[in-house]
Amino acid sequence: MKYEKRVFNFSAGPSMLPLEVLEQAAKEMTNYNGSGMSVMEMSHRSAEFKQIIETAEQDLREIMNIPDNYRVLFLQGGGHLQFAMVAANLMRRSKKADYIVTGSWSKKASKEAAKYGDVKVVASSEDKNFTYIPKVAKEDFRPDADYVYICANNTIYGSRYTQLPDTGAIPLVADFSSSILSEEIDVSKFGIVWAGAQKNVGPAGVVIVIIREDLIGFAPENTPSMMDYKIMDDNGSMYNTPPTYGIYIAGLTFQWIKRQGGVKALQERNIKKAKMLYDYIDGSKLYTAPVAKEDRSLMNVVFVTGDAELDKKFVAEAKEHGLVNLNGHRSIGGMRASIYNAMPIEGVETLIAFMKEFEKQNA
Ligand SMILES: *Cc1c(COP(=O)(O)O)cnc(C)c1O
């Protein structure tokens with residue numbers, strides 16, 4: 001099979017998937033594993049699909065080293081439903097929750113949670129346009145808070161947590177939508193790790209929720225069934241028809257990660273890719289990266305020229321060179337290169353070569 005005219009796609013999401021995954025899906029599109037049908041056409045109750053979802057879960061458990069006392073759910077509703085679902089299920093005693101706001105997604109999550117209880121924004125980096133991760137001490141959290149919430153990687157602003165806040169016995173909930181499987185994490189440090197699939201895992205429409213068992217079962221009676229982690233868990237993520245094709249592609253991505261040598265190998269590659277790009281930006285006269293050095297994302301590299309018109313020109317010319325979707329989020333402008341797991345080193349090298357050329361011509 002030939003894939004001419006593939007571009008280096010720096011989209012923040014939905015984003016680039018490994019070519020091997022797409023090729024395998026293409027090969028299996030009309031006849032999955034001798035079944036005579038596509039995964040899309042298959043009953044979610046069939047033996048074939050049962051195996052697909054079970055293998056996906058097993059592989060994810062293996063590559064993330066997920067402890068046995070955590071449940072893995074494949075849900076729908078995107079990141080935005082998790083903003084509400086976390087609060088609906090975890091505000092179980094004091095109905096207080098403490099949020100650290102480091103960007104648009106955690107801000108939105110805090111506002112959604114406030115519909116369910118008493119939300120306190122314990123720290124925010126909005127004062128400096130979300131260009132850093134605020135330092136927070138254990139004493140800053142309310143001791144009776146039901147959970148503490150963070151966004152692990154800020155897709156829009158390009159910052160990330162490198163050190164988790166110490167929340168003591170309070171469960172920590174983290175949105176890993178744009179950094180899941182990009183670096184090793186210790187799942188046992190969290191109450192919930194959740195991630196929308198469309199950044200680093202598969203197509204939009206699947207959300208992975210990894211939840212500690214003892215946090216399941218607290219949603220109030222009037223919680224919609226689709227928003228109750230217990231109902232989803234009791235039914236093996238199949239209370240209703242799950243996003244079958246998306247789960248299948250996610251499973252292919254997990255197998256691809258295993259073939260790459262696991263998350264550790266990807267982490268090393270991701271550090272290398274990000275370092276190449278940040279080093280070049282820091283050394284250049286034209287471009288600057290606004291995020292504090294110690295908090296810079298490995299996945300979303302945000303940079304500007306300082307001239308909005310020149311930024312636009314950059315994005316347009318890059319596109320002509322097969323480097324697409326380099327515009328920053330519509331809320332902040334500038335540029336953003338999202339370099340998820342599927343972006344090969346060659347893509348970053350090609351981008352840097354283009355940036356050098358553009359710098360020369362626009363100095
Ligand atoms: C993309 C993204 C979201 C929003 O996801 P939707 O599926 O569009 O609701 C939330 N959090 C983070 C960190 C994201 O990158």
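The values are calculated or read from the model by the stated rules, or taken from the named source; none is laboratory data. Note that the structure is predicted; figures quoted are calculated from it, not measured. We place every Cβ from the backbone using ideal geometry, glycine too, and count neighbours over all the protein chains shown. Protein only, heavy atoms only, side chains kept; ligands, DNA and RNA dropped before computing areas. Shrake-Rupley method; radii C 1.70, N 1.55, O 1.52, S 1.80 Å.
Of all residues in the stretch 123-139, those that are in the same structural domain as Ser104 (by TED's automatic domain parsing) and in contact (Cβ under 8 Å) with a residue 24 or more places away in the chain have Cβ atoms under 9 Å from Cβ atoms of residues that are open to solvent by 30 Å² or more (accessible area, probe 1.4 Å) and assigned to a strand (DSSP E or B), 6 or more apart or on another chain, in Phe130/Ser124; Ile133/Arg160; Pro134/Val122; Pro134/Ser124; Val136/Val122.
Just to be sure before I move on: is Ile332 open to solvent by less than 30 Å² (accessible area, probe 1.4 Å) and either at pLDDT below 95 or not in a loop (DSSP other than H, G, I, E, B) (or both) in the structure I sent? No, not satisfied. Among the residues of the stretch 203-234, those identified as part of a loop (DSSP other than H, G, I, E, B) and more than 12 Å from the ligand (Cβ to nearest atom) are Ile216, Gly217, Phe218, Ala219, Pro220, Glu221, Asn222, Thr223, Pro224, Asp228. Within the stretch 136-145, is there a residue that is within 16 Å of the ligand (Cβ to nearest atom) and either surrounded by 24 or more Cβ atoms within 10 Å (Cβ to Cβ) or part of a helix (DSSP H, G or I) (or both)? The answer is no; no qualifying residue exists. Considering Thr162, Thr167, Thr155, the condition of being within 12 Å of the ligand (Cβ to nearest atom) and of a type in the set (Val, Ile, Thr) is satisfied by Thr155 alone. Hey, any hits in the stretch 14-23 for a residue that's over 19 Å from Gly205 (Cβ atoms) and assigned to a loop (DSSP other than H, G, I, E, B)? Within the stretch 14-23 (the criterion being over 19 Å from Gly205 (Cβ atoms) and assigned to a loop (DSSP other than H, G, I, E, B)), the answer is no, since none of the residues qualifies. Scanning the stretch 210-226 for residues that are farther than 12 Å from Leu90 by Cβ and either aliphatic (A, V, I, L, M) or within 23 Å of the chain's Cα centre (by Cα) (or both) turns up Ile210, Glu213, Met226. Within the stretch 182-202, if we keep just the residues that are more than 16 Å from the ligand (Cβ to nearest atom) and of a type outside the set (A, V, I, L, M, F, W, C), the residue that is least open to solvent (accessible area, probe 1.4 Å) turns out to be Gly191.
Residue count for the stretch 314-349 satisfying the condition of being β-branched (Val, Ile, Thr) and touching a strand residue (DSSP E or B) at 6+ places or on another chain (Cβ under 6 Å): 2. Sub-7 Å Cβ pairs linking a first residue in the stretch 97-110 that is surrounded by fewer than 24 Cβ atoms within 10 Å (Cβ to Cβ) and part of a helix (DSSP H, G or I) to a second residue that is at pLDDT below 95 and not basic (Lys, Arg), at least 6 apart or interchain, are Ser104/Ser331, ordered by first then second residue. In this entry, Ser178 is excluded by the filter for residues that are assigned to a loop (DSSP other than H, G, I, E, B), more than 9 Å from the ligand (Cβ to nearest atom) and open to solvent by less than 10 Å² (accessible area, probe 1.4 Å). Out of all the residues in the stretch 33-46, is one or more part of a helix (DSSP H, G or I), of a type outside the set (Asp, Glu) and touching a Phe, Trp or Tyr at 6+ places or on another chain (Cβ under 9 Å)? Within the stretch 33-46, one or more residues are part of a helix (DSSP H, G or I), of a type outside the set (Asp, Glu) and touching a Phe, Trp or Tyr at 6+ places or on another chain (Cβ under 9 Å). You will find that of Lys356, Lys319, Lys273, Lys258, the residue that is in a helix (DSSP H, G or I) and open to solvent by less than 40 Å² (accessible area, probe 1.4 Å) is Lys273 and no other.
On the given criteria, is Ser104 among the small types (Gly, Ala, Ser), over 26 Å from Ala169 (Cβ atoms) and within 13 Å of the ligand (Cβ to nearest atom)? When the stated conditions are applied, Ser104 passes them.
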